[in-house]
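Structure, as structure tokens:
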Amino acid sequence: MKPFLLLLILMIPCGSCLGQKPWPYKPGVAEHYAGTIRSTGPSAFGSITYVGQQEKTVFDRRAKDGNGGRITIHAHVFNIAWSDGLSSEMVANPDIGDLAAVTAQAERHAKIVGLLPHCLRSLLDRIVLHGGNVTMGGGNRSLLLYSEKTMQHETQKGKLHEIIVHEAAHNLGQTMEKSPEWLAAQYSDNAFISKYAQDFPLREDVSESFLAWLILRYHRHRITEEQANTISSQIPARLKYFDERNYNMFPVAADAGSTEPPQKSSIGFQPMHRGTTSGSDGSPVRSPTPLPPKAWAGSPCYLPDLSPFTFHLSRAR
Ligand SMILES: [Zn+2]
């Protein structure tokens with residue numbers, strides 16, 4: 001067989017591959033950009049003060065046989081002062097351990113959250129910290145953290161800080177994810193940055209897109225040219241939306257140079273286009289189909305609207 005014929009045969013995709021989803025599971029932006037946001041970055045952590053033990057009703061995914069629900073605990077309560085004048089309450093579950101262990105975990109998590117920009121911490125009234133190792137969450141002006149899960153994300157998966165941005169961005173999402181401007185940006189892009197965003201376009205898209213925007217605009221020198229181009233071409237209208245908000249991003253600082261090595265992707269990334277078909281040359285063609293009217297329910301990390309967690313948007317941000 002002539003070499004060029006063999007090459008042609010090898011280039012023809014197998015039939016079974018054509019119908020397969022590009023993801024073996026459901027990764028999001030955090031999985032792909034693990035290690036881009038680092039604990040060594042500037043922090044807004046100021047101080048943490050122990051208040052004492054109080055009865056607190058908090059959400060816990062482990063309640064109701066793992067279905068999640070509100071529980072009342074004799075919580076260890078801390079006040080966190082951020083260096084930019086903001087403050088948050090931390091409500092820690094005694095299941096973490098004795099007071100020394102709880103205090104150590106409270107401080108650890110306050111420093112982790114201190115890496116978040118002002119615009120996200122300003123929407124953070126309460127940080128709920130449990131022991132255990134189940135899915136974290138965000139929404140209703142709160143963060144839901146599990147100390148064993150954060151340790152696992154930090155030491156084994158390296159995606160802790162990306163996950164924290166995603167979860168905290170749910171609080172931002174709840175202020176604008178139904179707005180005409182955001183929906184217009186979604187519609188204009190006609191694509192999603194991740195399968196997680198695509199699966200839950202009304203609940204996870206802001207968090208996924210915000211994380212991608214933060215990485216592109218502030219950690220450009222930690223990602224490859226290809227990665228930057230992927231974000232830029234995939235969700236340009238959403239990037240513009242975030243750009244135009246002029247968020248206070250303190251203490252997050254943009255990379256100053258190109259000295260940092262690009263972050264190697266931990267999971268192969270293939271952009272997903274909603275309503276995409278292949279053109280005659282194999283290139284993606286974006287169809288003008290509108291967003292599917294997908295249900296709001298079901299995304300794993302978006303906290304349900306439970307009254308104790310519903311805070312008024314009256315604080316300065
Ligand atoms: Zn989420």
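The values are calculated or read from the model by the stated rules, or taken from the named source; none is laboratory data. The structure presented is a predicted model; accordingly, all values stated were derived computationally and were not measured. Positions of Cβ are backbone-derived with ideal geometry, glycine not excepted, and every protein chain shown enters the neighbour counts.
Here are some notes:
- Subset of the stretch 176-198 (residues that are near the ligand (Cβ under 10 Å from one of its atoms) and among the aromatic types (F, W, Y)): Y196
- Criterion: free of Cβ contacts under 8 Å to residues at least 12 places away in the same chain, on the phi > 0 side of the Ramachandran plot and out of contact with any Gly (no Cβ under 8 Å at 6 or more places or on another chain) - qualifying residue of D65, D98: D65
- Scanning the stretch 131-153 for residues that are in a loop (DSSP other than H, G, I, E, B), away from the ligand (no atom under 16 Å from the Cβ) and in contact (Cβ under 8 Å) with a residue 40 or more places away in the chain yields one hit, G132.
- Some residue of the stretch 147-156 being within 20 Å of A101 (Cα to Cα) and surrounded by 24 or more Cβ atoms within 10 Å (Cβ to Cβ): yes
- Members of the stretch 87-130 found to be farther than 20 Å from H166 by Cβ, in contact with a helix residue (DSSP H, G or I) (Cβ under 6 Å, 6 or more places away or on another chain) and outside any strand (DSSP E or B), listed by number: I96, V102, Q105
- For the stretch 17-28, the candidate set comprises residues that are within 16 Å of the ligand (Cβ to nearest atom) and modelled with pLDDT under 90; within that set, the residue that is surrounded by the most Cβ atoms within 10 Å (Cβ to Cβ) is P27.
- With respect to (1) out of contact with any strand residue (DSSP E or B) (no Cβ under 7 Å at 6 or more places or on another chain); (2) of a type outside the set (D, E, K, R); (3) closer than 30 Å to A254 by Cα, the lone exception for N79 is condition (1).
- Residues (on the phi > 0 side of the Ramachandran plot and either out of contact with any His (no Cβ under 9 Å at 6 or more places or on another chain) or of a type in the set (D, E, K, R) (or both)) located in the stretch 102-156: G132, R141
- Selection from the stretch 199-237 of residues that are of a type in the set (D, E, K, R) and within 16 Å of the ligand (Cβ to nearest atom): D199, R203, E204, D205, E208
- Residue in the stretch 29-50 that is assigned to a helix (DSSP H, G or I), at pLDDT below 95 and in contact with a helix residue (DSSP H, G or I) (Cβ under 6 Å, 6 or more places away or on another chain) present: yes
- Screening the stretch 56-72 for residues that are more than 13 Å from R126 (Cα to Cα) and in contact with a strand residue (DSSP E or B) (Cβ under 6 Å, 6 or more places away or on another chain) and picking the one that is surrounded by the most Cβ atoms within 10 Å (Cβ to Cβ) gives D60.
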